[in-house]
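Undergrad: This is the structure I want to talk about, given as structure tokens.
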Amino acid sequence: MIRHPDHAPLPTTATAPATAAPATAAPATATVGTVTPAVVPGTPGSARDRDPLDVVPVRPGLHLLRFPIGQAYLWDDGDGESTLVDAGWAGAADAVDRALRRVGGDGARLRRIVLTHCHRDHVGAAAELARRHGAEVLAHRLDAPVIRGEAPVPDPDLLEWEVPLYQHGLTVPEAPPTPVHRELAEGDVLDFGGGAHVLHTPGHTDGSLAVHLPRHGVLFTGDTVASVGGVALGVFHVDRATAAASMRRLAALPADTLRTVCFGHGEPLTGDAAAVLRAAAAATAPGA
């Protein structure tokens, strides 16, 4: 293992080498949903400077906001107020606002921003979006001090093959200190999606969480699980064994409540989602 002092996110286009952690790969038959992005025009330039955002419909009421590294999800209950699960890059608030208007019309507003964990590609635009919309920012109580800038980002425990991916992720702008208006815990139920259940999923960070909408069969895993080159345990965890246990817990949710699984990196699962997630979890070694 390699310790690194400054966390960076997983590039969405990179995959682990064939010799790395084969036990965590999803079966060859695993598939993810394929969708055509509706591009929100941006400014040409480097990954750090351009306005990089694709708006991708996943299912009715749910859109993926895809950045060059990482992604966020926009949930719309049809009442003119939307929920953002993760917030993308610092400096991307204008692009997210355009996506919000594209999905919900000119009067669309954000009511809340739920952060699955404290890393820069998930927190980045949250503070500015909250300021513009008067939105509430929610995060698990264990990651809230990091998000506010009161504590350092926790060190990931890197495998050797993760190091170049990690270095590439440093191109994402650092997230500014961001207010957390409500600290979440296991068992909280949020007022969107017919009741959004908060699941504490430690391992990627101490305060990582998943959001489960059982009424709609939707699960947001954060970075505990990824679907880059196949569904598997994510990368850059502070504790891989604990992250693997969290992945198995998510995979054990009732199959009829796992029709769409949305990851922090990679395409959502929209077909046989429960079976694919369970197969990937079963293939993950207990100690990862």
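Undergrad: Restricting the search to segment 67-117, which residues are free of Cβ contacts under 8 Å to residues at least 40 places away in the same chain, touching a Leu at 6+ places or on another chain (Cβ under 6 Å) and farther than 20 Å from V180 by Cα?
TA: Within segment 67-117, A108 is the sole residue that qualifies.
Undergrad: Identify all residues within segment 109-159 that are open to solvent by 10 Å² or more (accessible area, probe 1.4 Å), assigned to a strand (DSSP E or B) and out of contact with any strand residue (DSSP E or B) (no Cβ under 6 Å at 6 or more places or on another chain); write none if there are none.
TA: Of everything in segment 109-159, just one residue is open to solvent by 10 Å² or more (accessible area, probe 1.4 Å), assigned to a strand (DSSP E or B) and out of contact with any strand residue (DSSP E or B) (no Cβ under 6 Å at 6 or more places or on another chain), namely D157.
Undergrad: Moving to a separate point now. For segment 150-169, name all the residues that are within 18 Å of G88 (Cβ to Cβ) and more than 17 Å from the chain's Cα centre (by Cα).
TA: Answer for segment 150-169, where residues must be within 18 Å of G88 (Cβ to Cβ) and more than 17 Å from the chain's Cα centre (by Cα): just H168.
Undergrad: Filter segment 216-235 for residues that are surrounded by fewer than 24 Cβ atoms within 10 Å (Cβ to Cβ) and touching a helix residue (DSSP H, G or I) at 6+ places or on another chain (Cβ under 8 Å) and give the result.
TA: G217, G230
Undergrad: In addition: Would you mind listing the strands (runs of 3 or more DSSP E) fully within segment 50-99 where at least 1 residues are β-branched (V, I, T)?
TA: Once the strands (runs of 3 or more DSSP E) in segment 50-99 are filtered for at least 1 residues that are β-branched (V, I, T), what remains is 54-59, 81-85.
Conditions tested, residue by residue: (1) out of contact with any Pro (no Cβ under 6 Å at 6 or more places or on another chain); (2) closer than 20 Å to D155 by Cα; (3) assigned to a loop (DSSP other than H, G, I, E, B).
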| site | (1), (2), (3) |
| --- | --- |
| H204 | yes, yes, yes |
| F236 | no, yes, yes |
| L250 | yes, no, no |
| G264 | yes, yes, yes |
| A275 | yes, no, no |
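Undergrad: Only one of L74, L100, L53 is crowded, with 23+ Cβ neighbours inside 10 Å, closer than 19 Å to G266 by Cα and at pLDDT 95 or above; which?
TA: Being crowded, with 23+ Cβ neighbours inside 10 Å, closer than 19 Å to G266 by Cα and at pLDDT 95 or above holds for just one of L74, L100, L53, which is L74.
The values are calculated or read from the model by the stated rules, or taken from the named source; none is laboratory data. These numbers come from a predicted model, not from an experiment. When we count neighbours, we look across all protein chains shown, and the Cβ atoms used for this are built from the backbone with ideal geometry, even at glycine. The area values use the complete protein model at the heavy-atom level, side chains included, leaving out ligands, DNA and RNA. Shrake-Rupley method; radii C 1.70, N 1.55, O 1.52, S 1.80 Å.
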